[in-house]
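J.: One structure coming up, written as structure tokens, with questions to follow.
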Amino acid sequence: MNQIVICVGSVYGAALETARAVRTALQAEGFSVELHEAPTLASVTETEGAVLICTSTTGTGDLPENIAPLYQGLTNEYPNIVGRPFGVITLGDSSYFESFGGAGDLIFEAFTELAAKPLSPLLKIDAQETADPEEVAVPWSREWARQLTNQ
Ligand SMILES: Cc1cc2nc3c(=O)[nH]c(=O)nc-3n(C[C@H](O)[C@H](O)[C@H](O)COP(=O)(O)O)c2cc1C
């Protein structure tokens with residue numbers, strides 16, 4: 001499998017920048033990568049390949065508004081995505097305690113409930129520890145994508 005769709009959730013742009021860096025890195029590895037900055041359910045149902053979510057957390061453990069249509073589609077329309085490979089990168093801040101990375105938990109659970117296939121556990125990047133999320137997200141996504149070469 002060579003195709004990857006990156007779906008972005010971002011309020012201030014950090015997750016979007018991270019997703020763009022991940023796209024560049026995965027393209028350099030030979031993957032065909034689409035980046036959806038305003039993802040909807042069609043980003044998943046009308047595409048092929050693996051889905052990589054890269055989202056920040058806002059409010060109190062909430063998803064950014066721009067990715068809400070995708071989340072609502074997954075949780076209200078129950079598309080058939082059984083076995084679809086996916087991964088989730090979440091940006092957050094542990095000073096929010098229990099809601100740290102909550103957006104990632106929500107979307108990871110939505111995919112899991114539909115029996116999509118996580119290639120790796122959820123990645124949470126903590127702004128308290130990592131000034132530049134790309135530094136963590138890029139190597140993680142290379143490892144994540146490497147598993148696709150066997151699918
Ligand atoms: C108003 C506001 C609410 C936030 N709420 C949370 C939260 O509940 N949990 C969390 O882990 N991070 C929270 N964060 C931290 C952001 O997820 C973090 O700063 C992230 O890097 C922002 O990425 P973005 O620029 O793509 O939106 C919040 C940030 C702001 C400004």
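J.: Across the range 71-95, what is the total count of residues that are more than 25 Å from Q151 (Cα to Cα) and surrounded by fewer than 16 Cβ atoms within 10 Å (Cβ to Cβ)?
T.: Going residue by residue through the range 71-95, those that are more than 25 Å from Q151 (Cα to Cα) are 71-73, 75-77, 91-95.
Within this subset, residues satisfying the condition of being surrounded by fewer than 16 Cβ atoms within 10 Å (Cβ to Cβ) are 72, 75-77, 94-95.
Going through the range 71-95 one residue at a time, the tally reaches 6.
J.: Which ones in the range 35-48 are assigned to a loop (DSSP other than H, G, I, E, B), among the hydrophobic types (A, V, I, L, M, F, W, C) and more than 16 Å from the ligand (Cβ to nearest atom)?
T.: Residue satisfying the conditions is L41 alone.
J.: Separate question: Looking for whichever is part of a strand (DSSP E or B) and without any contact (Cβ under 8 Å) to a residue 60 or more places away in the chain here; the options are V51, V8. Which one fits?
T.: Just one listed residue meets the conditions, V8.
Per-residue answers, yes or no, for (1) outside any helix (DSSP H, G or I); (2) within 16 Å of the ligand (Cβ to nearest atom); (3) under 22 Å from A21 (Cβ atoms); (4) in contact with a strand residue (DSSP E or B) (Cβ under 8 Å, 6 or more places away or on another chain):
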residue: T75; (1), (2), (3), (4): no, no, no, no
residue: N80; (1), (2), (3), (4): yes, no, no, no
residue: F86; (1), (2), (3), (4): yes, no, yes, yes
residue: S95; (1), (2), (3), (4): no, yes, no, no
residue: G104; (1), (2), (3), (4): no, yes, yes, yes
residue: I107; (1), (2), (3), (4): no, yes, yes, yes
residue: S120; (1), (2), (3), (4): yes, no, yes, yes
residue: I125; (1), (2), (3), (4): yes, yes, yes, yes
residue: R142; (1), (2), (3), (4): no, no, yes, no
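J.: State the number of residues belonging to the range 17-34 that are within 16 Å of the ligand (Cβ to nearest atom) and surrounded by fewer than 20 Cβ atoms within 10 Å (Cβ to Cβ).
T.: 3
The numbers here are math on the coordinates, done by the rules we state, and not lab data. Computed from a predicted model, the values in this text were never measured in an experiment. Positions of Cβ are backbone-derived with ideal geometry, glycine not excepted, and every protein chain shown enters the neighbour counts.
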